[in-house]
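Please read the structure below before turning to the comments.
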Amino acid sequence: MSASTSKLDADAHLLLDKPLLRLPHELLRKTFKQSQKAFEREQSHVLSTLNSLCNSPDISSEDALHSLDSLISRMQGFKRKVDALREEERTLHGHERKRIAHLQGIFEVGSLVEEGYERWSRVRLDRLMVDFLVRGGYEETATALAKEKGIEELVDVGVFSGCMRIEKSLRNRNTQEALAWCLENKAALRKMKSTLEFELRLQQYVELVRAKRHKDAMAHSKRFLAPHAETHFADIQKAAGLLAMVPETSVGRYKELYSPSRWEYLADTFVNTHHTLYGLPQRPLIHIALSAGMSSLKTPSCHSAVASSSSNTASMANSLCPICSKELNELAKNVPYAHHARSSVEPDPVMMPNGRIYGRERLEVLARKLGLPKGMVRDPTTGEDVEEKRLRKVYIM
Amino acid sequence: MDAIKAEFDRLDSRANLGKALVDINKCILLLENARNQIAKDPSSPSRVATLGRLHQSMAAQLDQVGNDHKEVYSALNRYGKALDKKFKAASAFSSSDYDALSNDGHLINRAIAMHLIREGQFAVAKTFMKEAGELDIPEDLQGEFVEMYQIVEAMKVRRDLEPAIAWARLKAGLLEQRGSNLEFDLCKLQFVWLFVQGGPDKSKARDYATKEFQRFWKKHLMEIAKLMCAFVFPTDLHESPYGKPFEDPERMWGDVAHSFTKEFCSLLGLSAESPLYLAATAGAIALPTLLKMTSIMKEKKTEWTSQNELPVEIPLPPAYHFHSIFVCPVSKDQTTDANPPMMLPCGHVIALESLQRLAKGGTQSTLKCPYCPKESTLVQAKKVII
């Protein structure tokens, strides 16, 4: 049994680790696109300038020199920009290399019971904790933990804290930062058919109407909402209707637009969009790991009113079960318990007069350690002393 | 993983923006050269010729910068594809299924804070408690673990057993109840260490034994006697029948430190290994099985009928088994508080519900044990605790 249950399938083990490599890849693509875009701009500018220089033979040499000088300084500006992007790229490559090396580590471990596995798995737990902490807005703790454990290159505190900052600004009813972010990621957002930008613009419009600046609102609508007419025609119509409604309106569809809960909705939509864009899971990975793990460890005895005869702190035989331990007990209340098809109990089970069942050997070892008089055993859970002859053999099929 | 590594190496070493930088530099040089030439010879025909040449060479050089970008682009795509291929199965998680823990953030916070404390990350834990506010952590927990780490450090770094022994003496009653011999194990290690470290001079070990072993004679006389025999074989101890305890003192240090932390945590009502670590690791082990189960259920459009119990068995290594498991051999259900295990007079154990079914509801009607010929009644069955 132990040989098969200890087998490590490294590939299947990496189910949780997709975002680890995915995120730097997305960031690299972003860096690349910035460079690409800058290049396209420079290329067309340089070529058209040179073209017009070649096609105007009458130009004075001063003017020609002047044109060339400005081209040179533009090119140098471009070079500085690519230089900076190259630095960013170098850093990201460094992170990715470390991450690949970390994941490769699991392929060098032979089984789940090796010491190397525990080492690897502990790093994974640290990563999962940092992920959870930074998503929860505990940036300082996340940073401190990553630093303490030396895993800064394996976690993405910066990306998440940027995301949290914008989310917070939305909850504080400010669209500036979120709109800037939309602009920065315009192409990608269009590709994934995100409605985030429209929703933000719509909110700005609602705020203008709320402030009774109807003229500004109409101008805003013309400029920022109208271009989305193809996809959001109904919404734009509704927005136009809003002009006739006071913020205290009881008409459902307009009340909805005026509602302050729209800000919460915008914040959630932003986080959602952000995570989708970077290929990040919507919920912390530790949720997935913990709910699966707690379920597979949990037994009906873990939340039983009667202390189980096995694995409690009162007895020496085993360490306390992690689900019974204070840390997880309450958390594990709502997850299902593990499925078992067969009983597994200590060998040679015997029953105490109080109904508790133990393996005979465990009772004998305990009695010896306690130095009990011959023929006596002690219940490891309740502490009762009982004559050995009162033990009854039980048969567990 | 090797495919990913290969694609990444290509990305890192060849397809990076470094090449574009080199070619951009060349562009700048071309521009500067042309500029200098025109400055040197501003006459109209040569200027026109220079500009024409510059136009051509710049177009070519800029194309080169474009190619450099294309190379990065295609390498990034290939790398992305390699990632997708590797993590095909993982994408099942990105669809946000029902999340059982989404409302339990504060409980996870608490579990993490307790984990940090038990791992000795006191500074990080402090930052966390400041940032997250009230986490409902047992008040003295940190103090207890600070003490534990001080004692363990004394053992591991300074080879000093005094603090550990002092602790074990303080908690002697509780340890005794658990059937733990920690205090004796600590003293025994102290004796072995003095014996081994002293070289030919055994006086320290002898003094220690006379002073400390007195108190243990009732329970550990045989073992003390064996230890004392070491004095008889000071030179060829390892060939003697009494050499065993002295063979590997380094391992003894490790074992004793381990059982010390275990006892320490147990007295606090905590498990010896971090529950958060165990659960997260068990989760990673369980995920492939659970994922397979989910996909099969989706395929067959079946629902998971037993809400309280996982529908599949998760194979975990033996170290992850903590409780005895009783599965009723008749109904194949695990017993619970509502459906406890019952022992028939013949010693066979089945679940209460199975028993009631066998008795057909009547408390007085006889029922036959499903595993032996013996007959009994419902009232004769006794509830047991496994």
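The values are calculated or read from the model by the stated rules, or taken from the named source; none is laboratory data. In this text the structure is predicted, and so the values were computed from the model without any measurement. Every residue, glycine as well, gets a Cβ built from its backbone with ideal geometry; the counts of neighbours run over all protein chains shown. Side chains included, ligands, DNA and RNA excluded: accessible areas come from the protein's heavy atoms. Shrake-Rupley method; radii C 1.70, N 1.55, O 1.52, S 1.80 Å.
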**Report entry** Gained length - B:VAL379 relative to B:THR366, 0.36 nm times residue gap less alpha-carbon distance
**Finding:** 3.7 nm
Requested in this report: Go through B:PHE231, A:PHE39 and list them by solvent-accessible area, largest first, probe radius 1.4 Å.
Outcome: B:PHE231, A:PHE39
Report task. Hand me the tally of lysine pairs in region B:2-86: alpha carbons under 16 angstrom apart, and the pair either on different chains or 8 or more positions apart. Result -> 4
Query raised in the report: In peptide A:145-155, what is the residue-averaged number of other protein chain Cβ atoms found within 10 Å of each Cβ?
Result: 2
Report summary line: Sorted by chain and number, the residues with a modelled amide H under 5 Å from that of A:MET376, at a separation of 5 or more or across chains, are A:GLU388
Query raised in the report: If you roll a 1.4 Å probe over the protein assembly as shown with all protein chains in place, what percent of the accessible area is carbon or sulfur?
Result: 52
Report summary line: Rounded to 0.05, the calculated FRET efficiency for the beta carbons of A:ARG173 and A:LYS333 at R₀ = 30 Å is 0.20
Query raised in the report: Amide H to amide H under 5 Å from B:HIS348: which residues, 5+ apart in sequence or cross-chain, H placed 1.01 Å off N in plane?
Result: A:TYR395
Query raised in the report: Counting only Cα, what are the radius of gyration and maximum Cα-Cα distance Dmax of region B:323-386, in Å?
Result: 10.8, 35
**Report entry** Equivalent ellipsoid dimensions for region B:2-86 as semi-axes, Å, which come from the Cα gyration tensor, largest first
**Finding:** 41, 10, 5
Report summary line: Expressed as a whole-number percentage, the relative contact order of chain B with C-alpha contacts under 8 angstrom and at least six residues apart is 9
Requested in this report: Work from the charge dipole of the protein assembly as shown (Cβ charges, +1 for Lys and Arg, -1 for Asp and Glu, about the Cα centre) and give the residue of A:PHE78, B:PHE145, B:ALA82 farthest towards its positive end.
Outcome: B:ALA82
**Report entry** Computed accessible area, B:LYS88, all protein chains, 1.4 angstrom probe, square angstrom
**Finding:** 140
Query raised in the report: How much of A:THR249 can a 1.4 Å solvent probe reach, expressed as accessible area in Å² and rounded to 10?
Result: 20
Report summary line: Taking a probe of 1.4 Å and leaving out DNA, RNA and ligands, chain A shows per residue an accessible area in Å² of 47
Report summary line: With +1 at each Lys and Arg Cβ and -1 at each Asp and Glu Cβ, the charge dipole magnitude of chain A around its Cα centre, to the nearest 20 debye, comes out at 980
Query - Mean projected area in nm² (Cα convex hull; one quarter of hull surface) for the protein assembly as shown - result: 50.6
Report summary line: Given all pairs of distinct Cα atoms, region B:258-386 yields a Kirkwood Rh in Å of 18.1
**Report entry** Built amide H within the under 5 Å cut-off of B:SER324, gap 5+
**Finding:** A:SER310
Query raised in the report: What is the P(r) of region A:349-393, as percent of Cα-Cα pairs per 5 Å bin from 0?
Result: 5, 26, 43, 22, 4
Query raised in the report: Which FRET efficiency value, to the nearest 0.05, do you get for A:GLU264 and B:ASN25 by plugging their Cβ-Cβ distance into 1/(1 + (r/R0)^6) with R0 = 51 Å?
Result: 0.50
Query - CD proxy at 222 nm, helix term only [per DSSP H run n ≥ 4: -39500 (n - 2.57); per residue of the protein assembly as shown; nearest 500] - result: -19500 deg cm²/dmol
Report summary line: One computes Rg over Rh for chain B from alpha-carbon atoms, with the Kirkwood Rh, and obtains 1.22
Query - List A:ARG342, A:ARG41, ordered by accessible area with a 1.4 Å probe, largest first - result: A:ARG342, A:ARG41
Requested in this report: Please calculate the 1.4 Å probe accessible area of B:MET342, with all protein chains present, and give it to the nearest 10 Å².
Outcome: 20
**Report entry** Charge dipole magnitude, Cβ of K and R +1, D and E -1 - the protein assembly as shown, Cα centre, debye nearest 20
**Finding:** 1420
Query raised in the report: Where in region A:332-397 are there GluC sites (Glu not before Pro) that are in a DSSP coil and have at most 15 other Cβ atoms within 10 angstrom of their Cβ?
Result: A:GLU384
Requested in this report: Report the extension gain between B:GLN214 and B:ARG158 in nm, rounded to one decimal, defined as 0.36 nm multiplied by the number of residues separating them, less their alpha carbon distance.
Outcome: 17.5 nm
Report summary line: Taking chain A, the equivalent ellipsoid from its C-alpha gyration tensor has semi-axes in Å, biggest first, of 64, 32, 15
Query - Virtual spin-label span in nm between A:SER4 and B:ALA60, 7 Å along Cα→Cβ - result: 6.9
**Report entry** Distance from region A:320-387 to region B:38-65 (C-alpha centre basis), Å
**Finding:** 90
Report summary line: Going residue by residue through region A:138-152, the Karplus relation 6.51 cos²θ - 1.76 cosθ + 1.60 with θ = phi - 60° gives ³J(HN,Hα) values, rounded to whole Hz and with x marking Gly or Pro, of 9, 5, 4, 5, 4, 5, 4, 5, 4, 5, 4, 8, x, 10, 4
Report task. At 7 Å along the Cα-to-beta-carbon direction for both A:ALA240 and B:LYS244, put a label point, then send me their distance in nm to one decimal. Result -> 9.4
Query raised in the report: Which value, to two decimals, describes the C-alpha radius of gyration of region B:308-354 once divided by 2.2 N^0.38 Å?
Result: 1.31
Query raised in the report: For region A:160-277, taking Cα atoms only, what is the radius of gyration to one decimal and the Dmax to the nearest whole Å?
Result: 14.1, 41
Query raised in the report: Sorted by average packing, counted as other Cβ atoms within 10 angstrom per residue and highest first, what order do A:175-187, B:322-334 take?
Result: B:322-334, A:175-187
**Report entry** Euclidean distance of C-alpha centroids, region A:34-108 and region A:113-167, integer Å
**Finding:** 35
Query raised in the report: Mind checking how much accessible area B and A bury in total, 1.4 Å probe, in Å² rounded to 100?
Result: 13400
Report summary line: Rounded to the nearest 10 degrees, the helix B:105-118 long axis (Cα) sits at an angle to the longest Cα principal axis of chain B of 70
